[in-house]
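Notes follow once the structure below has been shown.
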Amino acid sequence: MTPCIEAPTRAAIRRAVLLLRAGELVAFPTETVYGLGADAGNSGAVRRIFSAKGRPADHPVIVHLYDPSRLTEWARVVPEDARKLAAAFWPGPLTLILPRAARVDDVVTGGQDSVGLRVPSHPVARALLAAFGGGIAAPSANRFGRISPTTAQHVADDLGNAVTMILDGGACGVGIESTIVAFTGDEPMLLRPGAIGLSDLFGVLGRAPRARDAAAPRASGTLAAHYAPKTPAMLVAANALHAEIAQLGERDEVIAVLARTVARPADFVDMWIDAPAGAAAYAHDLYANLRALDAANVDAILIEAVPRDDAWLAVFDRLARATRGEDDDRD
Ligand code: TXA
Ligand code: MG
């Protein structure tokens, strides 16, 4: 059986709400990636997310809200800096980790004393949240440890009939997961870089958030081998790409290349993708490109390294994880 991909008509949104209220899973588009949604107030429903994804039960999931004014229903403390970030970037690709309110279930928080909250901007996510009324718990709608989905078809390919309904909102605009800032210590801490960059956060906070450290709350997206394709993948500096291709070619390895500025060699016959040169467009296409490279069933994937400045921080982070190899700790 294949899952039901549906256009986000008003009737489909109504049915999605009924499914959520009945404890079923509904995948839906956000501006970052597709989420696998369940009623955040129904622990049995949230538990189904973990079995559908094959994700360890002690990993927390983000609760999506329609309206930031309901933040205090989920968080018992909202520091002034968190309020400022929410005011500046919500609705949008930002997740805040805050001390949880008493009502928030352990299944949602992974047993931690904090909860991840996000107000997404995608019109379909907003329509669903408005109609549902409550919080929707949703991790990225992929199997645990794999590449996040940025189209409805990606979700269907990954989860099959483990999800009851997939609302189709087309390709996600941002293409990589939200920026996560934790307010669980003395200072805001960046747990996961995203489209909202360090300079954006600096602009609002008047200082940079701390880099994550050993005391950081657990975030599965921060495991080394997260977002990994199945094919071994390697980052290669632009000026070394042609030489690396030639060397692998001599060993008769079939390779797939994700280039950005480097031109395809005239004699190259395997899969070659020219990624956009700008960071936002590159991020938009990244996961679809990684899926295509992975599906080519080659011996190795070569990815042209990207710049390391703030504009590329989130993309660099995902590429570093994607290329770290299969023998890493996957949790
Ligand atoms: O863009 C996004 O954030 C997407 C869309 C669907 O909203 N969601 C997403 O969820 O990427 P997920 O579960 O795949 O990644 C969220 C990360 C996980 O690594 C999780 O461990 C972490 O956020 N997280 C959630 N709640 C947390 C908490 N209370 N403390 C620490 N980390 C938390
Ligand atoms: Mg994820």
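Here are the numbers for the structure shown:
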| read-out | value |
| --- | --- |
| For the chain, alpha-carbon Rg and Dmax in angstrom | 19.8, 63 |
| Prolate/oblate/rounded call for segment 1-134, Cα gyration tensor, a/c under 1.5 rounded | oblate |
| Computed E for R70/A7 - FRET, C-beta separation, R0 30 angstrom, nearest 0.05 | 0.55 |
| Highest-MSF residue in the chain out of L248, L313, L290 [GNM, Cα springs under 10 Å] | L248 |
| Cα centre as origin, Lys/Arg/Asp/Glu Cβ charges: the chain dipole, Debye | 1260 |
| Per-q log10 I(q)/I(0), segment 79-223, q = 0.18 Å⁻¹ (Debye; single scatterer per alpha-carbon; no solvent) | -1.21 |
| Sites A131 and A292, calculated FRET efficiency, Cβ-Cβ separation with R0 25 Å, nearest 0.05 | 0.15 |
| Inter-probe distance in nm under a simple model that places probes 7 Å from Cα toward Cβ, at E250 and D267 | 1.2 |
| Surrounding net charge for D105, when Lys and Arg each add one and Asp and Glu each subtract one, Cβ distance under 14 Å | -1 |
| R0 of 22 Å, Cβ-Cβ distance A208-R83: FRET efficiency to nearest 0.05 | 0.75 |
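Values quoted throughout were computed directly from the atomic coordinates according to the rules given, and no laboratory measurement underlies them. Note that the structure is predicted; figures quoted are calculated from it, not measured. Cβ atoms come from the backbone with ideal geometry, glycine included; neighbour counts cover every protein chain shown.
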